[in-house]
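Below is one structure; the comments refer to it alone.
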Amino acid sequence: MPKGLSECPACGQALSDVAAPTAAKGAGGAENGTSTEVAERLHLLERWRAAAETFGVELPMVPRWVEARARQSNGEWIGFLDEVEQGARAKTLEALSGWEKRTLGRLQRLESYSIDGRLEREQVEDAVGAARAGEIARGLGVVQQVDRVITLKERHLEAARQELEHLTELVRDIRALRISVPYEPKELAEELEGVLREGRLAPLKQQLRALRLDIVRSLRASLPSYVARYGEFLAAERDHGRDVGASIAELARSAKAYSDGRPEEAVRRLKLLAEDRALPERATSAARPGSVGPTGPSRTA
């Protein structure tokens, strides 16, 4: 500034109050240390935020304008950062408590099907313990890993259950049409459920494939004649002046589904057709003797 001035022309501060260059240099060193601490803590909060987002939790964060001032300050924003960290930690621990309860429930269900969950239980304990000890990012990282593994196990279990239910439903629908099939739906469901409860998913899937092939072979012997008889019945209905155009079209769709290798759809369409316009009772073929369950004499034969 020009010589002879006793105060700053911009702010009015007395020039005698301005620190000497050596003092300013020392203060700058302290500010650099504070700035480094602020940067490290802001980086830690960012790591927490990123990890918590994948966990489905939104943590309180430092506004951008506060972050800019904190990086340039000499320590007056440290208390504010403390409060933000405490809020983020409290919210994370609260969310982890709920996650722990839900996850243990999921593991209990898997274990009821004899699916091992011991490692995941240990990891749940590790995640919560790490977060309580202040290692928020590591705890949330373990959360993601546990969720991935449990979700994969649940997916395999649900896929096996759906296959089981679809097969049982197919047998039930076939019997509703009074078409011979070598299995009783209730006994089939009970035996397959037993295998599922034992957690033997891979053997169960092999057994389901073998059962489906056996059922399709049984249909191959009975379904074509059933469709032909149904067609004759609808033709006779039409000759009597009844409107059966929609039923004939649906019968054709069912036959096409069967020929295209979709027996479940073919049987489902026939069942709906029979509910709308029932075919007069008549056994389509003799049932196989002694064929009552998925591991009965019919499979051996």
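The values are calculated or read from the model by the stated rules, or taken from the named source; none is laboratory data. This one's a predicted model, so the numbers in the text were calculated from it and none came from an experiment. Cβ: placed from backbone, ideal geometry, glycine included. Neighbour counts: every protein chain shown.
Just a few scattered comments:
- Test: residue in region 86-96 that is hydrophobic (A, V, I, L, M, F, W, C), touching a Pro at 6+ places or on another chain (Cβ under 9 Å) and buried (at least 16 other Cβ atoms within 10 Å of the Cβ): yes
- Screening region 34-73 for residues that are surrounded by fewer than 18 Cβ atoms within 10 Å (Cβ to Cβ) and hydroxyl-bearing (Ser, Thr, Tyr) and picking the one that is farthest from ARG148 (Cα to Cα) gives SER73.
- Taking region 182-208 as the range and being outside any helix (DSSP H, G or I) and on the phi < 0 side of the Ramachandran plot as the test, the residues that pass are PRO182, TYR183, GLU184, GLU198, ARG200.
- For region 250-264, filtering for residues that are among the charged types (D, E, K, R), assigned to a helix (DSSP H, G or I) and free of Cβ contacts under 8 Å to residues at least 60 places away in the same chain leaves 3.
- Hey, LEU170 in contact (Cβ under 8 Å) with a residue 60 or more places away in the chain, crowded, with 17+ Cβ neighbours inside 10 Å and touching an Asp or Glu at 6+ places or on another chain (Cβ under 7 Å) or not: yes
- The lone criterion from (1) surrounded by fewer than 13 Cβ atoms within 10 Å (Cβ to Cβ); (2) modelled with pLDDT of 90 or more left unmet by GLU100 is number (1).
So that you can scan it fast, the table gives a plain yes or no per residue for (1) surrounded by 12 or more Cβ atoms within 10 Å (Cβ to Cβ); (2) within 15 Å of LYS271 (Cβ to Cβ); (3) touching a Gly at 6+ places or on another chain (Cβ under 8 Å):
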position: ALA189; (1), (2), (3): yes, no, no
position: LEU192; (1), (2), (3): yes, no, no
position: LEU208; (1), (2), (3): yes, no, no
position: GLU232; (1), (2), (3): no, no, no
position: ALA246; (1), (2), (3): no, no, no
position: GLU250; (1), (2), (3): yes, yes, no
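- Evaluating LEU140 against the criteria (1) over 30 Å from GLU46 (Cβ atoms); (2) in contact with a helix residue (DSSP H, G or I) (Cβ under 8 Å, 6 or more places away or on another chain) leaves one unmet condition, (1).
- Within the set GLU67, GLU111, GLU76, GLU125, the sole residue that is in a helix (DSSP H, G or I) and modelled with pLDDT under 90 turns out to be GLU67.
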